[in-house]
Amino acid sequence: MEKAKCVIIGSGPAGYTAAIYVARANLQPVLYQGPQPGGQLMITPTIENYPGFADAIDPFTLLNAMCEQAKKYGADIREGIVKEVKFEKNNNLITIDDGSQITAQCVIIATGASAKFLGLPSEKQFMGKGVSACATCDGFFFRGKTVAVVGGGDTACEEALYLANLCPKVYMIVRKPFLRASQILQDRVKNNPNITILFEHVTQEIVGNEKVEGVKLLYQNEKMVDLPIDGLFIAIGHHPNTQMFGSQLPLDADGYFIKEKLDKANGIFVAGDCSEPHYKQAVIAAGEGCKSALDAIEFLKQ
């Protein structure tokens with residue numbers, strides 16, 4: 001059976017950065033890219049807030065550069081989806097979707113998190129063409145335009161408030177007759193002149209040609225409403241990609257890794273959105289990838 005010092009599960013900024021650091025320590029890491037090489041950042045059309053790029057950069061270019069940098073220093077980057085990990089100190093057994101297996105002295109988990117979507121076919125059609133799950137990432141492209149946010153919780157309110165600094169009109173599409181957000185966020189949203197809350201509205205369809213031009217809403221389950229908009233932000237939460245680890249590693253109520261309870265002495269490290277529920281930024285994921293790699297390097301030295 002194949003053996004490795006370090007296996008990294010997941011790509012994206014966290015996984016690739018971890019691979020760069022472990023490879024530069026001459027430890028020949030093996031990285032499995034997972035079902036979406038590059039991770040969730042790949043659904044963002046353009047990146048303007050990653051340090052070092054004065055001009056916008058597309059996610060493929062950025063993540064491919066990270067991948068190639070890791071390869072340059074000796075990382076073994078592989079296609080494949082990890083289906084199972086049996087954790088045992090210095091001998092973690094990892095099974096890949098093609099049936100192959102590999103053991104690793106330490107494991108870095110960088111499986112990320114996935115945005116929850118409405119499940120409409122038109123979401124996929126307009127993804128990156130007016131549909132987004134991250135106002136911080138993509139709001140800049142809608143300056144001066146009319147947008148809508150789907151959701152009524154803290155995330156939706158935070159997205160709406162962020163967009164209200166860029167857009168003269170922000171609609172919140174809320175299926176219930178109330179907001180679920182904390183009171184302070186509710187107050188800020190309700191007092192913002194750029195935000196209009198549409199209670200008891202459910203998104204039925206996203207419409208447009210080459211890009212989003214509007215949404216069809218169902219009001220109180222009986223009346224159809226056409227809402228012209230330029231962009232739609234889905235803010236109904238994320239779910240971390242940690243399901244396969246729940247029986248062996250500590251997760252919180254929402255499924256995120258509890259880093260403080262992980263036993264680093266056994267060579268298990270996590271990085272990125274699978275352990276960080278708040279920020280959802282590429283630069284933070286990259287930083288966590290670096291930290292997990294340095295911890296893994298220290299573990300392997302010992």
Completion exercise
Interchain or sequence-distant (5+) residues whose placed amide H lies within less than 5 Å of the amide H of V270 are I109
Completion exercise
Checked against a 19 Å limit on the C-alpha separation, the offending pairs among K176/K223; K116/K169; K3/K86 are K116/K169
Practice task
Tabulate in residue order the Karplus-calculated ³J(HN,Hα) for the range 180-187, using 6.51 cos²θ - 1.76 cosθ + 1.60 with θ = phi - 60°, rounded to whole Hz; enter x for Gly and Pro.
Solution key: 9, 6, 4, 4, 5, 6, 4, 4
Handout entry: Contour excess over end-to-end distance, with Cα ends at E260 and E68 and 0.36 nm allotted per residue
Key = 65.9 nm
Exercise for the section: First check a/c for the range 248-302, with a ≥ b ≥ c the square roots of the eigenvalues of its C-alpha gyration tensor; if it is under 1.5, answer rounded, and if not, answer prolate when a/b is larger than b/c or oblate otherwise. Expected result: oblate
Problem - Rounded tilt (10° steps) of 154-164 against the dominant C-alpha axis of the chain - result: 60 degrees
Fill in the blank from the handout: The relative contact order of the chain, taking Cα pairs under 8 Å that sit 6 or more residues apart, comes to a percentage of 22 percent
Problem - Sequence-distant residues sharing a close amide H with E205 (under 5 Å, placed H) - result: K216
Practice task
For a footprinting-style exposure proxy, rank S292, S132, S247 by other Cβ within 10 Å, fewest first.
Solution key: S247, S132, S292
Problem - Where trypsin sites (Lys or Arg not before Pro) fall in DSSP loop in the range 80-160, at most 13 other Cβ within 10 Å - result: K89, R143
Fill in the blank from the handout: Once both label points are put 7 Å beyond Cα along the C-beta direction, the N221-D252 separation in nm becomes 3.4 nm
Handout entry: Spatial separation of Cα centroids for the range 73-113 and the range 233-273, in angstrom
Key = 16 Å
Problem - Cα-based equivalent ellipsoid, the range 18-128: semi-axes from gyration tensor eigenvalues, Å - result: 28, 21, 11
Problem - the range 81-240: C-alpha gyration tensor shape, a/c 1.5 cut-off, then a/b vs b/c - result: prolate
Exercise for the section: Using the 2.2 N^0.38 Å rule of thumb for compact globular proteins, work out how the chain stacks up: its C-alpha Rg over that value, please. Expected result: 1.09
Exercise for the section: Name the residue, out of G272, G255, G246, whose mean-square fluctuation peaks in a Gaussian network model built on the chain with Cα pairs under 10 Å. Expected result: G246
Problem - Cα-based shape type of the range 1-64, given that a ≥ b ≥ c are square roots of the gyration tensor eigenvalues and the cut on a/c is 1.5 - result: oblate
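Read-outs throughout are calculated quantities, based only on the coordinates presented, and are distinct from any laboratory measurement. Just so you know, these numbers come straight off a predicted model, no measurement behind them. Note: ideal-geometry Cβ built from the backbone for every residue, glycine included; neighbour counts use all protein chains shown.
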